[in-house]
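Everything on this sheet refers to the single structure shown next.
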Amino acid sequence: MSSNNSTSKYQGENSLVQSVVMFVIFFALFLGGIFAFSYWSLESFAHAFVPAGLGIGLCALAIFVPVTIIGRSNSAGE
């Protein structure tokens, strides 16, 4: 017989506090990227590419780090 009980509670990989802290950190990174785009103008090279690079970099970090590094574990075969 299997020891898997269908009435058992789901236990996630992270605690609630850890999930909330990670959400706040990565959401702040995303908002920082959006805020960096507010300084974007075409007056000079620095005004055009520095805010754009910072905005794209911060938004990419806020999306790709949680998806790839902190994503689900490889426990599908268990």
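The values are calculated or read from the model by the stated rules, or taken from the named source; none is laboratory data. Computed from a predicted model, the values in this text were never measured in an experiment. Here the Cβ is made from the backbone with ideal geometry for all residues, glycine too, and neighbour counts use every protein chain on show. When the accessible area is computed, the model is the full protein with side chains, heavy atoms only, and any ligands, DNA or RNA have been set aside. Shrake-Rupley method; radii C 1.70, N 1.55, O 1.52, S 1.80 Å.
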- [ ] Output the residue which, of all residues in region 10-55 that are within 15 Å of ILE70 (Cβ to Cβ) and open to solvent by less than 60 Å² (accessible area, probe 1.4 Å), is nearest to the chain's Cα centre (by Cα).
- [x] PHE26
TODO: Would you tally the residues in region 16-73 being outside any helix (DSSP H, G or I) and in contact (Cβ under 8 Å) with a residue 24 or more places away in the chain?
DONE: 3
- [ ] Test each condition in (1) more than 21 Å from the chain's Cα centre (by Cα); (2) at pLDDT 85 or above for SER3 and report the one that comes out false.
- [x] (2)
